[in-house]
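Reviewing the structure listed below.
The values are calculated or read from the model by the stated rules, or taken from the named source; none is laboratory data. Just so we're clear, the structure is a prediction, and the values are computed from it rather than from any experiment. Virtual Cβ from ideal backbone geometry, glycine too; neighbours counted across all protein chains shown. Note: accessible area is taken over every heavy atom of the protein model, side chains too, but ligands, DNA and RNA are not part of it. Shrake-Rupley method; radii C 1.70, N 1.55, O 1.52, S 1.80 Å.
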Amino acid sequence: DNNQLVAMLRDSVLHNKASWETGRRGGGTNVSLDSAHGLPGRKKVLHTCVCVCVFVLQLLDVYDLLPFDNPDGGAWKQGFEIHYHGNEWDKQPLELFLVPHSHNDPGWVKTFDSYYQDQTKHILNNMLLKLSEDHRRKMIWAEISYFSKWWNEIDKQKREMVKRLVEAGQLELVTGGWVMADEANSHYFAMLDQLIEGHQWLQKHLGVKPRSGWAVDPFGHSPSMTYLLKGAGLSNMVIQRIHYAVKKHFSQQQTLEFLWRQSWDSSPHNDITCHMMPFYSYDVPHTCGPNPAVCCQFDFHRLPGRRVFCPWRIPPQPITEQNIKERALLLLDQYRQKSRLFRSPVLLVPLGDDFRYVESSEWDAQFSNYQKLFDYFNQHPELHIKARFGTLSDYFEALHRHQKATGMNLPTLRGDFFTYADRDDHYWSGYFTSRPFYKRLDRALEATLRATEILFSLTLAEMRRFRGDSRLVPDYPAPEHFRGLVAGRRSLALFQHHDAVTGTARDPVMVDYGTRLFHAILSLRHVLQSSAHWLLLVDKTQYHHDQSKPFLGGVEIGYFTLHAFLFIVPVTKFYSCFRSLIIFNPTEQLRSSVINIVVDSPDAHVVDAETGHTLAAQISAVWVEPSRASTEAFQAGNRSIISLFSILKTSQLFLHLRLQSGLVRQVQVQFLWYGTRTGMNQDKSGAYLFLPGEEGAQPYSFSEPPLVRVSRGPVFSDITSCFQHFTHTVRLYHLDGYVGKSLEISNTVDIRSEVNRELVMRFVTDVANGNRFYTDLNGFQMQQRRTLPKLPLQANFYPMTSASFLQDSSSRLSLLSAQSQLEVVLDRRLQQDDNRGLGQGVTDNKLTRSLYHLLLEDRRSGAQKVGGASVEHLSLVAHLTSLFISHPPITMVTPSNSQVPKLQPFLPLSSSLPCDIHLLNLRTLEDSQETESPSQEVALLLHRKGFDCSSAPEPAPSCTWSTHEEVHTTQLFFSFHLDTI
């Protein structure tokens, strides 16, 4: 049914397109004039082909439908001519909301702090004064990172002024996130955490809860974000950066406003009302209407004599009594044309751009001239327009009133808006990989923060239980540790900004982000050490906090260890005595896992501290060069039964993988180079764009064969191939159950010697997936993709935060990753800017490791059907493997002296949770009475994951899943009881 509806709409569009062409060639009516005001009379065309029924639209079907051509649309280059009669608003006047905004990037060309000092604080200071001068003035603000910094600097009187503006509806805080987050590379843990951080700040200081989302600059949009926003209490949202062909199609169908529904959801419970901006950008020339040359004349920041001008060479004019009629009618024509792209007469027009309203004079120029225009509109009811300044809440309230009064329904949409193109074949798929070192560091902080949050919360609860009252142990620095947690949260949150985790900021800005991430990890390690110290002591009176001499040292977080980023090998020295190895499992499952540490002796052996039994271990070489092993350090790997995690890696070879059914699949791993375009006047790849050369991918060639190392042992075996630009390792763990079912693949990449090249790892397989494959969205859900030959190569690349798979009727090949990156771009080095505002290429490459797991599984049935489309999930084994990659075990060691106090295991969970229940976080909240101190309240975040039952593992995992067993949240933990949820 859905496909029939799409086909019907397609035929309707083609029919009307033919009508428009006939009219343009002169076969239609003459252009008439509105008799009263000289407005061009417009033929009423657009709304005639709109279906009044409510249907669910699949974006995948839209992609199949669209020709993805790019004809010149006239004044609206990427669109079409918009026609109207002039009497469409006689019964229902046009209701216009002009929404002033200033988009403040928390880092891009300048660092966060530099932007704040140079621009943002002046914008907010002027906002306070200028909104207070006239109650009709309004503004929206999105970035709480900046707002909170400014709040900390202003006095009590100004804070009261802010509260009055918020209460009066003149100032609206929209979205409420710490940043306007990227929606391609960010993991949903970090997306949610930055949202919580911003919302809690707003609740504490202003007592408000955002109702509408504002995401005008992320480079593509994900339904994962809409789900989080709806769960956070938002009902509406605005998005902007969508493929221009999709915008054009939605404009033709008057579906720019829709209910965005999750692909896996059959109910409207999680729907959110979404407004898609129709034109090229969110700046003033591209928001008042389809003609930027006209709209630019109403950006009064560009008045003659000011620093900014109109590229179309027609400057704005100050509004006077002499020109107000002509100016008002010219602007009204743009408003009317834009209105014809929507189903209602309620119109949203943003007024702003990046870092606008820095100077007091800009506030005066914009507000005074627009107020004159609004007064003129409102004094002439025959124009049928009510215009005023507004906020997003003002707009959406008016829209919903109109819906209720007229019974107007919005269409429902499923899918995502990747990959974004802003013009021609300029697809923004390059930033999915740019700066992979920092992308990996982001996930390291995420894993460290989550583990520390959980351990800190458990420590406070256990202390209160131990003491029998609400007080904590005096020597435990809870306020100091809590401040470290908050700093870690905010460093992670800041990096979710759409020019940070994307790798699209300038070199010094990326260094600033990286420094913040490193310092946050170091600070959180202290909290981990201190908390674990108290929890493990048998005699709690022996606890003493000394940050300069922590009891537990050598904190290593699996694949995410800081030493791995610095390529330093930390050696645990034994000095001829035992050292206790502490392992913290940050997941909710009891797991068999391999723990690796580097020791100073090849004679080390491992025993269970409780039973004294020797554990299986494997001593391996530590390679300081491709062909030279260290004589001072050795890798000790042992199998431990803990609630832990594993990680991924990759290789260039042929693999023959046999499934449980006996079916054999071939998988070839290839490495290739992409170059970029070479023509003198051709655009080239940069931080944002992927514009490969016409030759396409070229095989990775080498003058000498690689050095190959083969290692075999009782715990794991691996093959390592050492090439000039990368070292590639494939490892198989000899473990029972599903933990040993996947191949771990790792690459260490260094392309600093290259010019305009991108290194790619490609998997070639005989899985008959046709043109369909699946990638995850933010680690939260899977999205079907279709390789379309009508699109260029760069359009068929999609973001992969943690997983991707190919499948046919009998098998599935999944690639699970520990970082954002089937064809995986490993790193890119590009010498030039791609003309998207950054002003530089990507040349600050670093030696970077990446990690994957490759999993091949049998399939026995098809996918679930929801809303006319198949919905696929990861298998249970893939979910668990991905979980353990993202949250590896954390190891710590005790001092080398013999005065180590007696320790005991700490088991916080009463039992493992069901396999499909993930303990996303256990986040201690701030005390409402004592600033920067922990309260007795925690945010318990649980995620029930959907999984594909067609790939059930044999033997089945030891855990259950939630359909078989209820999860009693009040009885999850031994340490404390959850009073209220």
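Observations on the structure shown:
- Inter-site label distance for Asp603 and Asp425 at 7 Å from Cα along Cβ, in nm: 6.6
- Taking the three principal axes of the alpha carbon atoms in region 161-284, the coordinate ranges are 44, 35, 27 Å, sorted in descending order.
- Region 711-867 - percent of accessible surface contributed by carbon and sulfur, probe 1.4 Å: 48
- Note that region 651-777 carries a Kirkwood radius of 17.4 Å, evaluated over its alpha carbons pair by pair.
- Taking a Cβ cut-off of under 11 Å around Asp927, the surrounding Lys, Arg, Asp and Glu residues balance to a net charge of -3, with basic ones at +1 and acidic ones at -1.
- Temperature 10 °C, viscosity 1.306 mPa s: under these conditions the Stokes-Einstein estimate for region 71-197, based on its Kirkwood radius over C-alpha pairs, is 90 µm² per second.
- Two-site FRET efficiency, Gln670 against Ser114, from Cβ-Cβ distance with R₀ of 35 Å, rounded to 0.05: 0.20
- Volume in Å³ per residue [convex hull over Cα atoms, computed for the chain]: 174
- Order by protection proxy (mean Cβ within 10 Å, highest first), peptides 465-472, 705-712, 339-346: 339-346, 705-712, 465-472
- Cα-centred dipole magnitude for region 643-886, charges only on beta-carbon of K, R (+1) and D, E (-1), debye, nearest 20: 380
- Amide H to amide H distances under 5 Å link Arg241 with Gly220, where only residues 5 or more positions off or on other chains count and H is placed in the peptide plane.
- Average accessible surface area per residue within region 116-418, 1.4 Å rolling probe, Å²: 32
- Here r is the Cβ-Cβ distance between His85 and Leu847 and R0 is 60 Å; the resulting FRET efficiency, rounded to 0.05, is 0.40.
- Accessible surface of region 367-425 [probe 1.4 Å, protein heavy atoms]: carbon and sulfur percent: 48
- Using just its DSSP H runs of length 4 or more, each adding -39500 (n - 2.57), the chain gives a mean residue ellipticity at 222 nm of -8500 deg cm²/dmol after division by all residues.
- Surrounding net charge for Leu94, when Lys and Arg each add one and Asp and Glu each subtract one, Cβ distance under 11 Å: +1
- log₁₀ of I(q)/I(0) at q = 0.17, 0.19, 0.21, 0.25 Å⁻¹ - region 247-289, Debye sum with one point per alpha carbon: -0.58, -0.67, -0.75, -0.88
- Whole-number accessible area per residue in Å² for region 715-851, which is evaluated in the context of all protein chains at 1.4 Å: 29
- The label point for Arg136 and the one for Arg786, both projected 7 Å from the Cα toward the Cβ, are 5.1 nm apart.
- Average silhouette area of region 278-395, convex hull of alpha-carbon atoms, in square nanometres: 7.6
- Partners for Lys325 among lysines (Cα-Cα distance below 30 Å; same-chain residues under 8 apart left out): Lys43, Lys44, Lys77, Lys91, Lys130, Lys138, Lys338, Lys372, Lys386
- Evaluated over region 116-418, the Cα radius of gyration and Dmax, each in Å: 19.3, 58
- Whether region 643-886 is rounded, prolate or oblate, judged on the alpha carbon gyration tensor where a/c under 1.5 counts as rounded: oblate
- Potential extension, Lys204-Leu522 segment - 0.36 nm per residue separation minus Cα distance: 111.7 nm
- Stokes-Einstein D in µm²/s, Kirkwood radius over Cα pairs - region 334-493 at 4 °C with 1.567 mPa s viscosity: 57
- Other residues within the sphere of radius under 12 Å centred on the Cβ of Pro345, judged by their own Cβ, net out at +4 (K and R +1, D and E -1).
- Region 767-918: proportion of alpha-carbon pairs further apart than 23 angstrom, %: 55
- If the segment from Asp69 to Arg159 were pulled out straight at 0.36 nm per residue, it would be longer than the present Cα-Cα gap by 27.2 nm.
- Sorted peptide list for 355-367, 449-461, criterion being average Cβ within 10 angstrom, highest first: 449-461, 355-367
- By accessible area, using a 1.4 Å probe on protein heavy atoms only, region 478-562 has 56% of its surface on carbon and sulfur.
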